[in-house]
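Below is one structure, written out as structure tokens; comments come after it.
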Amino acid sequence: MTSHVHHVTVDCGNAYQLATFWAEVLGASLADDDFPGDPEALVETPGAALLFITVPEPKSTKNRLHFDIQPDDRTRDEEVERLLALGATLVADHRRPNGRGWATLADPEGNEFCVECSARERALLTGARLPVTADDVTSAVRLAVAVLKEAPAEGWHTPAGTLTWTCWETVEHLSDDLFAYAGQLGPQSPPLDRDVPFHWAVRREGGPANAIFGDPAAGTAGLLQALEATGAMLAAMVRSTAPEVRAHHSYGISDAEGFAAMGIVETLVHTHDLAAGLGVDWTPPAELCDRVLARLFPDAPDDGDRWTVLLWSTGRADLPGRERVTSWKWHGAPLEENPQP
């Protein structure tokens, strides 16, 4: 048996004020029972939470332990400016003209921390592929649900684009995909030669074989809630699965990043099918499309609109100068283990 880090505890002069600052930094929230003047305040973050405790002693020297933070949705320099506006101060500037380096800041009580380049900036600097993450899964599903919530109620039992499934069945199928990908990563020793043996069934001839079905009595709101839930399951499994773990997929043994990318592709292209059937607009972010293309379709053209290229790669669109794809499969194995020629 081993232990894990439950809290990172920070001694400070005003627990609630400092916790409020760090909650803004991390886009997190304070515990529901924390109020101004409390001697303790908890910032709930993925992994280890931050616990701030008011103590009488002032900070007297440089910290031997500090946080290195990486912005999720902005550049390093944009994040530095945001944090300075929140009340941080610049302690030392180690940013280089070539884009590398970091900035050392201090929080309102003088605790030093560093702001690094974003993952996108690192990838551009090194020429590396930008990884697909659990946050990408969450983003894709939330964007899809937001669009589908605006669809008219009467269209859900019409075909989803060119599919033979209805729009309702297509959301069930998508939810089932996300659930199944999460399930493959779930066992302590994931299977390498078969799917986890859930029971799949078909509700009507020609419909998808699912383990997950929506409750008709809950309506489309319930159906979309099920989609959100299965997306959260996959995101949680991707976030908590070690990079070395491998699991079976019919297109090749894959890792957590691969299953994340699969779930995103399923979400993006099936929402395209649904948008066609329901009469709503759907264009996902180009950067998200680019990341999943790089992971699952490494031979895809790199000089076209990324959403159009993803649709072309999955047989759903034409691409000028190229034959239409009529049969396709993605590259599930980690690229470094089975690189493309």
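The values are calculated or read from the model by the stated rules, or taken from the named source; none is laboratory data. This is a predicted model, so every value here is computed, not measured. Cβ: placed from backbone, ideal geometry, glycine included. Neighbour counts: every protein chain shown. The area values use the complete protein model at the heavy-atom level, side chains included, leaving out ligands, DNA and RNA. Shrake-Rupley method; radii C 1.70, N 1.55, O 1.52, S 1.80 Å.
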Checklist entry - How much of the accessible area of region 162-313, probe 1.4 Å, is carbon plus sulfur, in whole percent? => result 53 percent
Checklist entry - Kirkwood hydrodynamic radius (Cα pairs, Å) of the chain? => result 22.7 Å
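Taking the Cβ of V80 as the centre, find all other residues whose Cβ is under 11 Å away and add up their charges (Lys, Arg: +1; Asp, Glu: -1).
Spelling it out: positives minus negatives among the neighbours equals -2.
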Checklist entry - Can you give the direction-averaged projected area of the convex hull of the alpha-carbon atoms in region 74-126, in nm²? => result 3.4 nm²
Checklist entry - Kirkwood hydrodynamic radius (Cα pairs, Å) of region 140-267? => result 15.2 Å
Next on the checklist: Can you compute the modelled spin-label distance between R194 and H4, with each label point 7 Å from Cα toward Cβ, in nm?
Outcome noted: 3.0 nm
Next on the checklist: Give me Rg/Rg_expected for region 1-40, where Rg uses Cα atoms only and Rg_expected = 2.2 N^0.38 Å with N residues.
Outcome noted: 1.34
Item to check | For the chain: accessible area per residue (Å², 1.4 Å) | outcome: 53 Å²
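Could you compute the net charge surrounding Q225? Neighbours are other residues with a C-beta less than 11 Å from the C-beta of Q225; K and R count +1, D and E count -1. The partial results should precede the final answer.
Numbers: positive: K149; negative: D215, E228.
Around Q225, the charge tally is -1.
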Checklist entry - Scaled to the compact-protein estimate 2.2 N^0.38 Å, what is the alpha-carbon radius of gyration of region 65-158, rounded to two decimal places? => result 1.53
Item to check | Helix 76-86 vs. the chain, principal-axis angle (Cα, 0 to 90°, nearest 10) | outcome: 50 degrees
Checklist outcome for this item: Semi-axes (Å, rounded, descending) of the ellipsoid equivalent to region 124-165 per its C-alpha gyration tensor are 34, 14, 8
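Could you order peptides 255-265, 303-313 by the average number of other Cβ atoms within 10 Å of their residues, highest first? Working shown, then result.
Working: 255-265: 26.4, 303-313: 18.9.
Result, highest mean Cβ count within 10 Å first: 255-265, 303-313.
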Checklist entry - Per the Debye formula with a single identical scatterer at each Cα and no solvent contribution, what log10 I(q)/I(0) holds for region 187-244 at q = 0.23 Å⁻¹? => result -1.10
Item to check | Estimated distance in nm for a label pair at L125 and Q225, the labels positioned 7 Å out from Cα along Cα-to-Cβ | outcome: 4.5 nm
Item to check | Mean projection area, nm², convex hull over Cα of region 220-270 | outcome: 3.9 nm²
Checklist entry - Expressed as cubic angstrom per residue, what is the convex hull volume of the alpha carbon set of region 5-64? => result 90 Å³
Next on the checklist: If I build a Gaussian network model for the chain, linking alpha-carbon pairs within less than 10 angstrom, which residue out of L178, L130, L51 has the largest mean-square fluctuation?
Outcome noted: L51
Item to check | Additional length obtainable on full extension of the chain from D68 to S327, 0.36 nm per residue less Cα span | outcome: 88.7 nm
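How would you order 80-86, 63-69 from highest to lowest mean count of nearby Cβ atoms within 10 Å?
Working: 80-86: 14.9, 63-69: 12.3.
Descending mean neighbour count gives 80-86, 63-69.
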Next on the checklist: Looking at region 100-203, I'd like the Rg to Rh ratio, where Rg is from alpha-carbon atoms and Rh is Kirkwood's inverse mean 1/r.
Outcome noted: 1.16
Checklist outcome for this item: Residues whose modelled amide H sits under 5 Å from the amide H of T9, counting only those 5 or more places away in sequence or on another chain, are L51
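Above 24 Å lies some portion of the pair distances; for region 202-341, what is it as a whole percent of all C-alpha pairs? Walk me through the numbers before you get to the answer.
Details: 3783 of 9730 pairs.
Counting pairs separated by more than 24 Å, the tail of P(r) holds 39 percent.
What is the local net charge at R291, summed over the other residues whose Cβ is closer than 13 Å to its Cβ (Lys, Arg +1; Asp, Glu -1)?
On the way: positive: R120, R129, R295, R306; negative: D135, D136, E257, E287, D290, D302.
Combined, the nearby Lys, Arg, Asp and Glu give -2.
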Item to check | Coordinate range along principal axes, alpha carbons of region 1-123, Å, largest first | outcome: 44, 36, 28
